[in-house]
1. For residues that are closer than 17 Å to ARG230 by Cβ and among the hydroxyl-bearing types (Ser, Thr, Tyr), tally how many sit in the stretch 269-299.
2. Within the stretch 71-115, which residues are under 21 Å from the mean Cα position of the chain (by Cα), surrounded by fewer than 20 Cβ atoms within 10 Å (Cβ to Cβ) and more than 16 Å from ligand 1 (Cβ to nearest atom)?
3. Keeping to the stretch 113-142, report how many residues are over 23 Å from ASP283 (Cα atoms) and aliphatic (A, V, I, L, M).
4. So which residues in the stretch 278-299 are over 24 Å from the mean Cα position of the chain (by Cα), touching a residue at least 12 places away in the same chain (Cβ under 8 Å) and not in a helix (DSSP H, G or I)?
5. Which ones in the stretch 238-256 are buried (at least 21 other Cβ atoms within 10 Å of the Cβ) and more than 15 Å from the chain's Cα centre (by Cα)?
6. How about the stretch 57-70: which of its residues are away from ligand 1 (no atom under 16 Å from the Cβ) and modelled with pLDDT of 95 or more?
7. Could you say whether any residue in the stretch 200-208 is of a type in the set (Val, Ile, Thr) and in contact (Cβ under 8 Å) with a residue 12 or more places away in the chain?
8. If you take the residues in the stretch 48-72 that are assigned to a helix (DSSP H, G or I) and out of contact with any Lys or Arg (no Cβ under 9 Å at 6 or more places or on another chain), which one is farthest from LYS259 (Cα to Cα)?
Amino acid sequence: MGLVRHKWYRFILCVTVIALFVCYLKLQTLSNSKVVGSMSEHTLEYFLNKGTIKRKDAADIEWYHAVNSKSKLIEALRGSAQMIEADVLLRGQDPKEPIMAHPPDNDSDITLQDWLKVVVKSGKGIKLDFKSLAAVSQSMILLEEVRDQLQGPVWINADVLPGPGGKATPLDPHVFLQEVAQRSENDVLSLGWTTGWDVDVDNRGYSWEMVHQMEELCRSLKQPVTFPVRAALIPVSFPQFQWLLERSDRYSLTVWTGKDDVLNVEDLLPYRQNFNKTRIYYDLLESQFKQFKGLPGYS
Ligand SMILES: *[C@@H]1O[C@H](CO)[C@@H](O)[C@H](O)[C@H]1NC(C)=O
Ligand SMILES: *[C@@H]1O[C@H](CO)[C@@H](O)[C@H](O)[C@H]1NC(C)=O
């Protein structure tokens, strides 16, 4: 009798454990698919719901740059741009806290903490650009403190690999992702290459090795990833970026331009025409963008 009861007990225990495990797996896949499904285009979805864009076209997102001072912040919040972009540094002298500044500046009239306090209420999206690793960890903590109030999308940007003509030292990708990835499950990671562009020289584009390295880095990430790419260098790199975008639905491009780069906007048309419009953001100069939108092949 005792032995039979013992066997039954073991059987029931086993079944319960297996059932719980199956339930757990189901829940895991459910939550994963929900996350990936909504995240791949969560920026566009957000602004569409808010009514500031009328269709799911990443080219309709406007950017406001270098919002690194109180006055710029006021201006950006009044303007129509959906996304505001700013640079984060650790202040050069005490108190060494994250501030809004672009090198070579090492001080600012606004800290990241105060900047976030204002921005969270605005409903705009933010793109924080890190030029060094020093400020990343503290910044992610500050971001975490305002998570509950933040409505708009958050993009976390850094150049993490050497790219065409790049002279700056990229941030160590593994250290950067370690600091950022766990605290930014709902953010867009904007991961780029260092670049350079010179007039009068043959500026090379992005090589196969560069896109392969990037893909290897991003393959196992859970977040949507956008690759900031320099407009003047991408016309010759179409096959490379086509390959890269085909690797995952989570990937998109953000085309940006150096303000002195010579760019023929017609050369960007293959990107506009051959990819889903949800997958390419254009952060160009106003004059360039106006010209681009006026091209017959644009729409
Ligand atoms: C910050 O920049 C100022 C002005 O360029 C410079 O004089 C100062 O030495 C810098 N401070 C640090 C700690 O780098
Ligand atoms: C573009 O992608 C979106 C979102 O994944 C999808 O709903 C839409 O059908 C795609 N459009 C085209 C033209 O493939």
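The values are calculated or read from the model by the stated rules, or taken from the named source; none is laboratory data. None of the values given here were measured: they were computed from a predicted structure. Ideal geometry is used to build each Cβ from the backbone, glycine not excepted, and the neighbour counts take in all protein chains shown.
1. Total satisfying the criteria: 3.
2. LEU77, SER80, ALA81, GLN113
3. Step one: list which residues in the stretch 113-142 are over 23 Å from ASP283 (Cα atoms), which gives 113-114, 117-118, 121, 133-142.
Next, only the ones that are aliphatic (A, V, I, L, M) stay: 118, 133-136, 140-142.
Here the count works out to 8.
4. Correct list: LEU295, GLY297, TYR298.
5. Scanning the stretch 238-256 gives PHE241, LEU244.
6. As a first pass, look at the stretch 57-70 and keep what is away from ligand 1 (no atom under 16 Å from the Cβ): 57-67, 70.
Matches in the stretch 57-70: ASP57, ALA58, ALA59, ASP60, ILE61, GLU62, TRP63, TYR64, ALA66, VAL67, LYS70.
7. Here is the first cut: in the stretch 200-208, the residues of a type in the set (Val, Ile, Thr) are 201.
Subsequent filtering for residues that are in contact (Cβ under 8 Å) with a residue 12 or more places away in the chain retains none.
Scanning the stretch 200-208, I find no residue that is of a type in the set (Val, Ile, Thr) and in contact (Cβ under 8 Å) with a residue 12 or more places away in the chain, so the answer is no.
8. If we filter the stretch 48-72 for residues that are assigned to a helix (DSSP H, G or I), which is where we start, we get 48-50, 58-60, 70-72.
Of the ones still in play, those that are also out of contact with any Lys or Arg (no Cβ under 9 Å at 6 or more places or on another chain) are 49-50, 70-72.
On the way: ASN49: 32, LYS50: 31, LYS70: 23, SER71: 22, LYS72: 18 Å.
Checked the stretch 48-72; the qualifying residue farthest from LYS259 (Cα to Cα) is ASN49.
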